[in-house]
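The values are calculated or read from the model by the stated rules, or taken from the named source; none is laboratory data. Keep in mind it's a predicted model, so treat the numbers as computed, not measured. Here the Cβ positions follow ideal geometry from the backbone for every residue, glycine too, while neighbour counts run over all protein chains shown.
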Amino acid sequence: MQIVIDKSNADQRFDRFMRKWLKVYPSIRLADIYALIRKGWVKVNTKRQKEEYRLQVGDTVVIHENAKLGDADFSVLISPKDRQIKNINVDKINKRIVYEDQNRLVFDKPAGILVHPGNQHWKDLCMNDYLEKWVEGSRLEVVGSKSAVTFKPSFWYRLDKDTSGILIAGKTYDALQYINKIIRERQIEKYYLTLVAGQFPDHLLIDKPLEKKYNERMDRSEVTIDFRYGVAAKTECRCEDFFQHEVLWPCSLVKVKIETGRMHQIRIHLADAGYPVLGDLTYGNPAINRILYKSLGINRQLLHCWKYSFYDYLTSQQRSFEAPMPEDFEKVLQK
């Protein structure tokens, strides 16, 4: 067996490199590795080297064919995250699919899961993992005008971890490029449902620029309204229902249409207007959020991507996808 050292493996101690390389042989102990090196069963450029030798680019590590390594077990190389992905229940994914054709896949995303892995949640399963698992199970044959070999189906946009609702993935290069184009050109209608504190007016249009900043104390990004440095953000809201909740007091069900897709746009705009989203830990009302959790067990912002609508050039027709109201919304409305 010969292993040619490249840049990714260079400047490592010989013994440490061998410990990593022989990890797939469970019968090999640490003492066995040092014995293989000392006795010359493993050499570098046909010569014996000491354990502390630093491997160089172009070195060839040779493991003698008669070295007793035992049977390889490559499962040890699978990370905990890979094991999670392998064990994803495909039927569970199927229940979350709203629509699928050869160009796109539409999910009803549950709250509490990221769209893509984040720095603080890189070990957790995300929607991208579910997408890859589904594509793998369906044996997707990617069709597109460019780079079919390197293309991977991916989502058109993001939703916050605790925001539920419609999430669309492009399964072909052309479909993904097209949706990115119409998002940039604002040719998509995006509607959300949210539950807020207070009696909401029949109609409210909020046009206030937003600035994204990093909160070092909380170690996360936050958004503020900033007329000097902010970027344009417009949110149109209509009250769908107003009710007196038995523990949360005045609440409103609000339908929201956003013309721009800024980070936390709906949440910061509504909080600034005096109608914080229920359960919003960043911009919401802490007292109401505590009642929401203690009384109803709800600990996420009640924001739901309800409807996504756009013109589909592939079928020459208007497309609309809707996600049903989540159970935690119903729980509040029933009270």
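Computed values, structure above
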read-out: Subset of segment 22-45 (residues that are touching a residue at least 40 places away in the same chain (Cβ under 8 Å) and within 18 Å of N66 (Cβ to Cβ)); value: L22, Y25, S27, I28
read-out: Residue count for segment 159-209, restricted to those that are within 21 Å of the chain's Cα centre (by Cα), in a loop (DSSP other than H, G, I, E, B) and modelled with pLDDT under 90; value: 2
read-out: Residue within segment 226-249 that is more than 26 Å from P326 (Cα to Cα), touching a residue at least 12 places away in the same chain (Cβ under 8 Å) and crowded, with 19+ Cβ neighbours inside 10 Å present; value: yes
read-out: Condition broken by S145, with the remaining ones in (1) under 23 Å from I113 (Cβ atoms); (2) modelled with pLDDT under 85; (3) surrounded by fewer than 19 Cβ atoms within 10 Å (Cβ to Cβ) satisfied; value: (1)
read-out: Set R262, R290: member being among the basic types (K, R), loosely packed, with under 15 Cβ neighbours inside 10 Å and more than 15 Å from V196 (Cβ to Cβ); value: R290
read-out: Qualifying residue in segment 272-286 (condition: free of Cβ contacts under 8 Å to residues at least 60 places away in the same chain, over 18 Å from K109 (Cβ atoms) and aliphatic (A, V, I, L, M)); value: yes
read-out: Any hit, segment 68-77, residues being of a type outside the set (D, E) and modelled with pLDDT of 85 or more; value: yes
read-out: When residues of segment 121-140 are limited to those that are part of a loop (DSSP other than H, G, I, E, B) and within 12 Å of the chain's Cα centre (by Cα), the one modelled with the highest pLDDT; value: C126
read-out: Residues satisfying the stated conditions in segment 272-291, i.e. outside any helix (DSSP H, G or I) and either more than 23 Å from F227 (Cβ to Cβ) or of a type outside the set (A, V, I, L, M) (or both); value: G274, Y275, P276, L278, G279, D280, L281, T282, Y283, G284, N285
read-out: Output for segment 250-281, where each listed residue is hydroxyl-bearing (S, T, Y) and more than 23 Å from Y293 (Cβ to Cβ); value: T260
read-out: Residue in segment 90-110 that is in a loop (DSSP other than H, G, I, E, B) and among the hydrophobic types (A, V, I, L, M, F, W, C) present; value: no
read-out: Filtered residues of segment 320-335 (kept if touching a residue at least 40 places away in the same chain (Cβ under 8 Å) and either in the same structural domain as S164 (by TED's automatic domain parsing) or out of contact with any strand residue (DSSP E or B) (no Cβ under 8 Å at 6 or more places or on another chain) (or both)); value: D328
read-out: Positions within segment 54-76 being within 14 Å of R19 (Cβ to Cβ) and part of a loop (DSSP other than H, G, I, E, B), in sequence order; value: L55, L69
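Rundown of residues vs (1) at pLDDT 95 or above; (2) under 26 Å from I206 (Cα atoms); (3) not aliphatic (A, V, I, L, M), yes/no style:
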site	(1), (2), (3)
Y293	yes, no, yes
L303	yes, yes, no
K307	yes, yes, yes
S316	no, no, yes
M325	yes, yes, no
